[in-house]
Amino acid sequence: MEPTLTDLKITVWPDGREEGNANIHTLKCAPARGTLARASAACTELLKMSRPFRPVPADMFCTDVYGGPQQALITGTFKGARVWAQFSATNGCQIARAKRISFLLPGFATAAGA
């Protein structure tokens with residue numbers, strides 16, 4: 001495996017996992033391809049980031065804002081490192097985390113608009 005391999009499966013549940021209406025996309029970089037719209041632009045933006053899938057630190061204080069039921073799961077590899085990252089809109093920290101990579105999450109709009 002080449003060390004800079006980025007190969008992601010992106011699953012978005014716009015109405016929450018319980019509703020079961022998943023939108024599934026793929027993204028591979030170098031060269032950019034996959035089913036995610038604007039794959040080239042997404043790869044360019046993503047590869048500039050150092051830790052786009054990092055979790056919210058456990059000791060972080062987060063605003064109690066509910067942004068909606070949407071959820072997402074990203075799996076695969078980013079720059080050769082394994083990725084398994086869940087996203088939701090359950091509080092201000094989670095909303096900000098999802099917004100940071102919103103270009104990867106079609107249909108993951110938050111009601112809170114954070």
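The values are calculated or read from the model by the stated rules, or taken from the named source; none is laboratory data. Keep in mind it's a predicted model, so treat the numbers as computed, not measured. Every residue, glycine as well, gets a Cβ built from its backbone with ideal geometry; the counts of neighbours run over all protein chains shown.
Okay, here's what the table says:
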| item | result |
| --- | --- |
| Unique match (being touching an Asp or Glu at 6+ places or on another chain (Cβ under 9 Å), surrounded by fewer than 18 Cβ atoms within 10 Å (Cβ to Cβ) and modelled with pLDDT of 95 or more) among THR26, THR11 | THR26 |
| Qualifying residue in segment 54-68 (condition: within 15 Å of the chain's Cα centre (by Cα), under 17 Å from LEU27 (Cα atoms) and either outside any strand (DSSP E or B) or in contact (Cβ under 8 Å) with a residue 24 or more places away in the chain (or both)) | no |
| Any hit, segment 76-97, residues being under 12 Å from the mean Cα position of the chain (by Cα), at pLDDT 95 or above, under 17 Å from THR35 (Cβ atoms) and of a type in the set (S, T, N, Q) | no |
| Test: LEU27 is touching a residue at least 60 places away in the same chain (Cβ under 8 Å), closer than 23 Å to ALA96 by Cβ and part of a loop (DSSP other than H, G, I, E, B) | no |
